[in-house]
Structure formats: C-alpha cells, structure tokens
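**Q** Next up is a structure, given as structure tokens.
Read the figures in this text as sums done on the coordinates, not as results from a lab. Computed from a predicted structure; not experimentally measured. All Cβ positions, glycine included, derive from the backbone under ideal geometry; neighbour counts span all protein chains shown.
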Amino acid sequence: MKQQQNIHVFGISGLGADKRVFNFLKLNYDFTAIDWIEPLPKETIASYAQRLINEYQLNTESNIVIVGVSFGGMIASEMHPLLKPQKTIVISSATKTSELPRLFSLVRRLYLSRWIPNFLLKPNIHIAAFLFGTKRKKLLKSIIKDTNIQFLRWGMYAITNWIKAKSASDIITVHGTKDKIIPKKGEKHIL
C-alpha cells in the first residue's frame, strides 16, 4: 500500500499501559504514540484530552488520525470534536458514558478508586491476561510492573466521573470478543 502524504497517526494507550501496546502495529503512515502527562487532581477526561492536544501541538489543520485503546479511546472521543481528525478509531473502549459497564457507576458511588489497595491495582499476570484478553504475557507483565499507581488511581476516578452523553457518529469503534474491562455495548465493529 502506497503511503499517503501528510497523514500522521497518533496512538493513545489504555489506562495502566503505555506506548508498548503499539509495538506490533504496522502502518504505512507516520506514527506517534502519545505518552501520558501528569494529571491534575480531580481533572476530567475532557480537560486531560485538551492538555494532551496542547502538549503534542495537535491542530485541526493537520491530516491526523487518532487511535485510542480502552481509556485512550475515551480520550480520543473527547479529542475528536476539538480536532476534527480525518478518522478517530477507538478500540475496546467507550465513546460515551452510557457504554460503560454499570460496575463503573458502583465504583464511583463507593469511592473505590480511593480505597482499593495498591496490590489489587497491579493484578496477577494470569488475571490481567484474562481481563485484557491477551496472550502476550511477557509484554503485559512488563507493562504492569511499570504502571504508575497514582496515574491509575486518577484514571479510575476520571472514568467513573466521566460525563459524555453523545458520541460523534463518525468515530469508528472496534471491539474484540474477549474484552472484559469494557465489554461491547451498543453498535460496534466486532473482531
């Protein structure tokens, strides 16, 4: 496939993950994996998405594609109306609050993001592999080891307090059949 000029793909990983989730992605376009920046206390997903846009100097005049995985998909769905990218693709994610499992609402009401002990935030590799539906246990183990607990806690808070009633109809959503964290809800493409 011939590379299209001026297309730049930006990848946003999931919560507790980093750019290594894109290690096996092969594209014929320029690709940048967005690294997480330090969140502000009680910052919303929308505010955090705007700060990522500013940090990476993304703008509406460039030919960009945004790919977000899990939590990164929520960030991508907040960036979408601000940037109007050529495409926004979210994988194993939600593009509006109503697509989140009800368990997230319970976590918010009980303030569990504050009370869950650290050892539960970094699960056993076998449990994590089951939840994330992956067979790449070595990579997953490395990512879990490097996970920033404070960022994870903020992310849990931000997800459970996320308010987004509508999703753009032109966002492409993809779900696998083994997704356990944010299972398919609504109209999605299944792989």
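**Q** With labels modelled as points extended 7 Å from the Cα through the Cβ direction, what inter-label distance (nm, one decimal) is found for residue 19 paired with residue 153?
**A** Placing both labels 7 Å beyond Cα along the Cβ direction yields 2.7 nm.
**Q** Another question, then. Would you work out if segment 4-66 is rounded, prolate or oblate? Take a ≥ b ≥ c from the square roots of the eigenvalues of the alpha-carbon gyration tensor; rounded if a/c is under 1.5, else prolate when a/b is larger than b/c, oblate otherwise.
**A** Oblate is the answer for segment 4-66, as a/c is 1.5 or above yet b/c matches or exceeds a/b.
**Q** Hey, another quick one. Starting from 0.36 nm per residue, how many nanometres of slack lie between residue 84 and residue 138 once their C-alpha separation is accounted for?
**A** Result: 15.8 nm gained on full extension.
**Q** Can you list the aspartates and glutamates whose alpha carbon is less than 15 Å from that of residue 87, not counting same-chain residues fewer than 8 positions off?
**A** Straight-distance partners of residue 87: 30, 61, 78, 170.
**Q** Could you list, in their original order, any pairs among 19/42; 84/138; 138/164 whose Cα atoms are separated by more than 32 Å?
**A** Cα-Cα > 32 Å for 84/138; 138/164; rest within.
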